[in-house]
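Trainee: My questions all concern the structure below.
The values are calculated or read from the model by the stated rules, or taken from the named source; none is laboratory data. Bear in mind that the values here come from a model prediction, so they are computed numbers and not experimental data. Cβ atoms come from the backbone with ideal geometry, glycine included; neighbour counts cover every protein chain shown. Quick note on the areas: whole protein, heavy atoms, side chains included, nothing else; ligands and nucleic acids left out. Shrake-Rupley method; radii C 1.70, N 1.55, O 1.52, S 1.80 Å.
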Amino acid sequence: MKLTDIIITANHNLFRSKTRTILTIIAIFIGSFTIILSNAINSGVNDFIDKQIESAGGDGYLEIMPTAVTENAVMALSGNGAVEYKETGNAPSEQPYITNEQIEKVRAIDGVESFDVLHTTTVDYITSNKIDKKYKLFNLNLVPRGNVNLDVTAGRKPDSESTNLEIALTEDLTKTLGFENAEAAIGETVTLAIPNTIDCYTAATHSECQRQVTATVVGVQAPGVMASGGPRANLALFEKVHELASDGMSQETKSQAYQATAQVDPARVDEIKAKLKDIGLTAMTIDDQVGMIRTFFDAILVVFNIFGGIALLAAAIGIINTLFMSVQERTREIGLEKALGMSSGKIFLSFSTEAILLGFWGSVLGIALSMLIGFGLNALAHATFLADLPTFNIVVFNPINMLIIALIIMLIAFIAGTAPAIRAAKKDPINSLRYE
Amino acid sequence: MPNTVIEAKNLTKTYGKKSAAFTALKNINLKIYEGESVAIVGKSGSGKSTLMHLLALLDRPTKGEIYVDGKNASNLKNNDLNKLRNERFGFVFQQFFMNANNTVLENVLLPLKIAKISRKERKKQAEAALKIVDLESKMKNKAVDLSGGQKQRVCIARAVVNNPQIIFADEPTGNLDSATGDKITDLLFELNKKQGVTLIVVTHDEDLAKLCNRIVRISDGKIISDQTVRKDYQKQASRKRETEAARVRNANEKKGGKK
């Protein structure tokens, strides 16, 4: 028998006992559907996280804090263990802020492309010449340096090397500030009000101690979880804000920073993190920060894959059962085929093919329905709670993943089918023809 | 003298082992010539079916050899035996053995499907075989919808579809009433006479046995008589050789035409 004939005949034979076959396929489908859909959702989440990491600075972007700060936080939270206070023992690692000595050491590390100290910035409000109202600004972030992409819907990423004061707004803020749309905002200016720390101690009203700075809008960020952090400034604007706030302070106090960012060679992140630790600084990549979300979704995936696996195991037993029944029912047919010259090998192959086909149909059904539901879910999400995040798909289908899952399921089906197929192959033609 | 198609030498078949051993056939020697119609007659349990199974290469003997066209079949591997059965033999069984849910055509072309013959060619040959048994009109019907006589005719079509040298018929009329049984018998002997197919019929029906030119009687695993009634089969044999030669010629011409 030719292989094509074997496949066609096997498929025909399968659907001779429709109910039994369909029930077995449904059992496989439950497993394949669970695995395919949960993998697709996991891909979607991971894809989203990757995009966000990319827009926040990429794999080589580090956020750095003095180790003492994180340790103090841990001590404070755990509430136990007294640490002796030493007047003179002010080792760098015990400093709650980043010292100049540390900055120099970090800049000397091989693989560190840039290192920017983030001084605390407080911005009271933001406004533009299009509106009279002033809006509170909770957060002003520094734009990542280097080749890192910033997902913008209009304009470009603020230039960190430039001395111009540049800012990238968020879409929400663009509308709030009275610009018609993202395109219209580009090239316009916004005004930020910064409270000067020293003056505000003595000023009669808060507005008296505010200093203003005007920045040019060069871009509007695409919506995303990271973009919700607020507008992003280039280094020049960021420094300017700090200068206005700290004007009048001593040089030492001025230069104190509790946070820094670095752009490093992505391939050497772990190595650099270890070196920073020796210096007394704790570094986290974006991936470390969103790692919790990733771990959470990975754990869910594992749970669903276990469910799917159990379903497939039950389905495999269903396959064995179905095929044993069919071998029994078709004993005389097998006898006839053998008498007419079909080899045991071909008989084995026909029944194995039936098993593989059960796996195949179960997988096809699983893929079809999970895609249907997946696309439906994406559409629903975009229409409702994800309306602000058009670049995020909850469910992302990876054809290679689906193919691999289908192949694994077909392999499981084949393995399940071997016992009945061997029984069929071993049948003696004469006894089989006598079988009532 | 016509060619010997099957020869059995000192054939012994034992089932079971040691004390439980049962010898179904004892030292059978038998030559079957091309174009003969041989009835193997005996009561149930006499060993006639066992003999047919051995001659048809469906089973291997405990002792002795079977020669097909002078070649020792005991030396053949399973796959070669399968091929031999598939190409040279046709089978008709008492219980028909049809795939009830398949169409008549599908049932008839099964041997050709096993032989890896192309879709188009096997359909053509199956249609020709159905024409012989006069059932072309039922080609697309399901086998389950046929009457007993029609079923057995389909089985005959299946037996001749591969242009066999020998047809083995195991109680071909056993499940049929006498009128339909006669039709089946006519068909089988027509094939034997017109196309020169060697016919080996296993039966306990004396009337059917009498139609054959040779009757081999078996009792307790031994041949008790072997009488050749008529010798007119030799003409049929030469006719078969002619048709065979014509078939080969045709096939060669077809191949030549394709080149």
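Trainee: Of everything in the stretch A:1-29, what is open to solvent by less than 30 Å² (accessible area, probe 1.4 Å), within 13 Å of another protein chain (Cβ to nearest Cβ) and not aliphatic (A, V, I, L, M)? Give them in sequence order.
Mentor: Passing the criteria: A:ASP5, A:THR9, A:ASN13.
Trainee: Can you say whether A:ASN42 is open to solvent by less than 30 Å² (accessible area, probe 1.4 Å), closer than 30 Å to A:ASN141 by Cα and in contact with a helix residue (DSSP H, G or I) (Cβ under 7 Å, 6 or more places away or on another chain), as far as the supplied structure shows? Working first, answer last.
Mentor: On the way: open to solvent by less than 30 Å² (accessible area, probe 1.4 Å): yes; closer than 30 Å to A:ASN141 by Cα: yes; in contact with a helix residue (DSSP H, G or I) (Cβ under 7 Å, 6 or more places away or on another chain): yes.
It is true that A:ASN42 is open to solvent by less than 30 Å² (accessible area, probe 1.4 Å), closer than 30 Å to A:ASN141 by Cα and in contact with a helix residue (DSSP H, G or I) (Cβ under 7 Å, 6 or more places away or on another chain).
Trainee: On to the next question. Of all the residues that make up the stretch B:116-132, how many are under 17 Å from the mean Cα position of the chain (by Cα) and within 23 Å of B:ASP80 (Cβ to Cβ)?
Mentor: Total meeting the criteria: 0.
To keep it simple, each residue is scored yes or no on (1) open to solvent by 20 Å² or more (accessible area, probe 1.4 Å); (2) within 22 Å of A:ALA368 (Cα to Cα); (3) in contact (Cβ under 8 Å) with a residue 60 or more places away in the chain.
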residue: A:ALA387; (1), (2), (3): yes, no, no
residue: A:ILE394; (1), (2), (3): yes, yes, yes
residue: A:ILE415; (1), (2), (3): yes, no, yes
residue: A:ILE430; (1), (2), (3): no, no, yes
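Trainee: Right, something else. Picking from B:ASN102, B:ASN162, which residue would you name as being open to solvent by less than 50 Å² (accessible area, probe 1.4 Å), within 13 Å of chain A (Cβ to nearest Cβ) and within 14 Å of the chain's Cα centre (by Cα)?
Mentor: Details: B:ASN102 fails: within 14 Å of the chain's Cα centre (by Cα).
Only one candidate qualifies: B:ASN162.
Trainee: Would you mind telling me which numbered condition in (1) out of contact with any Pro (no Cβ under 8 Å at 6 or more places or on another chain); (2) more than 11 Å from chain B (Cβ to nearest Cβ); (3) open to solvent by less than 50 Å² (accessible area, probe 1.4 Å) A:ARG330 fails?
Mentor: (2)
Trainee: Within the stretch A:108-143, work out how many residues are aliphatic (A, V, I, L, M) and in a strand (DSSP E or B).
Mentor: Taking the stretch A:108-143 as the starting set, the residues that turn out to be aliphatic (A, V, I, L, M) are A:108-109, A:112, A:117-118, A:123, A:126, A:131, A:137, A:140, A:142-143.
Adding the requirement that they be in a strand (DSSP E or B) leaves A:112, A:117-118, A:126, A:142.
Total satisfying the criteria: 5.
Trainee: Is it the case that A:ASP124 is touching a Pro at 6+ places or on another chain (Cβ under 8 Å), surrounded by 14 or more Cβ atoms within 10 Å (Cβ to Cβ) and modelled with pLDDT of 75 or more? Before you say what the answer is, go through the steps one by one.
Mentor: Working: touching a Pro at 6+ places or on another chain (Cβ under 8 Å): yes; surrounded by 14 or more Cβ atoms within 10 Å (Cβ to Cβ): yes; modelled with pLDDT of 75 or more: yes.
In short, yes.
Trainee: Another question, if that's okay. Any residue in the stretch B:32-61 that is more than 14 Å from chain A (Cβ to nearest Cβ) and farther than 15 Å from A:ASP428 by Cα sitting within a Cβ distance under 9 Å of a residue that is part of a loop (DSSP other than H, G, I, E, B) and small (Gly, Ala, Ser)? List the pairs, counting only those 6 or more apart or interchain.
Mentor: B:GLU34/B:GLY196; B:GLY35/B:GLY196; B:SER46/B:GLY221
Trainee: Looking only at the stretch B:64-83, count how many residues are within 16 Å of the chain's Cα centre (by Cα) and facing chain A (nearest Cβ under 8 Å).
Mentor: Number satisfying all stated conditions: 2.
Trainee: For the stretch B:113-126: of the residues being facing another protein chain (nearest Cβ under 10 Å) and in a helix (DSSP H, G or I), which is most open to solvent (accessible area, probe 1.4 Å)? Let's see the steps before the verdict.
Mentor: Initially, the stretch B:113-126 is screened for residues facing another protein chain (nearest Cβ under 10 Å), giving B:113-119, B:122.
Filter once more, keeping what is in a helix (DSSP H, G or I): B:113-114, B:119, B:122.
Numbers: B:LYS113: 19, B:ILE114: 15, B:ARG119: 138, B:ARG122: 12 Å².
If we take residues in the stretch B:113-126 being facing another protein chain (nearest Cβ under 10 Å) and in a helix (DSSP H, G or I), then B:ARG119 is most open to solvent (accessible area, probe 1.4 Å).
Trainee: Tell me the residue from A:ALA339, A:ALA379, A:ALA355, A:ALA368 that is more than 14 Å from chain B (Cβ to nearest Cβ) and open to solvent by less than 20 Å² (accessible area, probe 1.4 Å), please.
Mentor: Details: A:ALA339 fails: more than 14 Å from chain B (Cβ to nearest Cβ); A:ALA379 fails: open to solvent by less than 20 Å² (accessible area, probe 1.4 Å); A:ALA368 fails: open to solvent by less than 20 Å² (accessible area, probe 1.4 Å).
Exactly one residue qualifies, and that residue is A:ALA355.
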